[in-house]
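Here's the structure we're looking at; comments come further down.
Derivation of every value follows stated rules applied to the coordinates shown; laboratory data play no part. Everything numeric here is computed off the predicted structure, so don't read it as measured data.
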Amino acid sequence: MSLFNGILGQVGSHADVGNLAAKLGIDETLAEKAIAALASAHQQPGDTVELAAERTGLPTATLAHLVEQI
């Protein structure tokens, strides 16, 4: 189990990175990168999704959908 699956498992829903990636239509590795970018951006001033988009190159809509799923 990856670190990200462990974090997601603590959320209470039975989400895992593979399922989230499939729902978003992206690769599991990219989903892990997006989750890490969102976690890091959450600590910074400014819009979390926009900061994560800058770091990953993913569209803000994809990251916003990821946030909704988590």
Query raised in the report: Using alpha carbon centroids, what distance separates segment 22-39 and segment 45-70, in Å?
Result: 10 Å
Query raised in the report: Can you list the HN-Hα couplings for segment 60-67, worked out from phi with the Karplus curve (6.51, -1.76, 1.60; θ = phi - 60°), rounded to whole Hz and with x for Gly and Pro?
Result: 4, 4, 5, 5, 5, 5, 4, 4
Query - Estimated vicinal HN-Hα couplings, Hz - segment 37-43 in sequence order (Karplus 6.51, -1.76, 1.60; Gly, Pro = x) - result: 5, 5, 4, 5, 5, 4, 7
Query raised in the report: Relative to the present Cα-Cα distance, how much length would full extension add between Val67 and Lys23 at 0.36 nm per residue of separation?
Result: 14.6 nm
